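None of the figures in this text is laboratory data; all of them are computed from the coordinates on show. This one's a predicted model, so the numbers in the text were calculated from it and none came from an experiment.
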Amino acid sequence: MLSSFFFLAAAEDGADAGKAIALALGIGLGALGAGVGLGNIFGSMIQAVARQPELRGELTGIQWLGFALVEAVVFYGLIGGLLAFVLI
């Protein structure tokens, strides 16, 4: 997939090359941010349950809410990047 972005970057039209590189960087950085965020969420959940196992039920709902919000931000970034690539 990365080679296709480099192929577009080598195209004659500089605007297409810039859009392709921006799309690749936007998606990559969005995925990186989501990975860090999800690691923090689940790591904190493991530590919290290890300290107080009786709160597992309460913490699980909060954990999945945080997971959904982090993933939603990633999808918004993906859709925004694709829209900018197509429309601009």
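Could you give me the ³J(HN,Hα) list for segment 43-49, computed from phi with Karplus coefficients 6.51, -1.76, 1.60 and θ = phi - 60°, whole Hz, x at Gly and Pro?
Values per residue, Gly and Pro as x: x, 5, 5, 4, 5, 5, 5 Hz.
I'd like the Karplus ³J(HN,Hα) series for segment 76-87: coefficients 6.51, -1.76, 1.60, θ = phi - 60°, whole numbers in Hz, and an x wherever there's a Gly or Pro.
Each residue of segment 76-87 in turn: 4, x, 5, 5, x, x, 5, 5, 5, 5, 7, 8 Hz.
Using only Cα atoms, what is the ratio of the radius of gyration of segment 16-88 to 2.2 N^0.38 Å?
1.49
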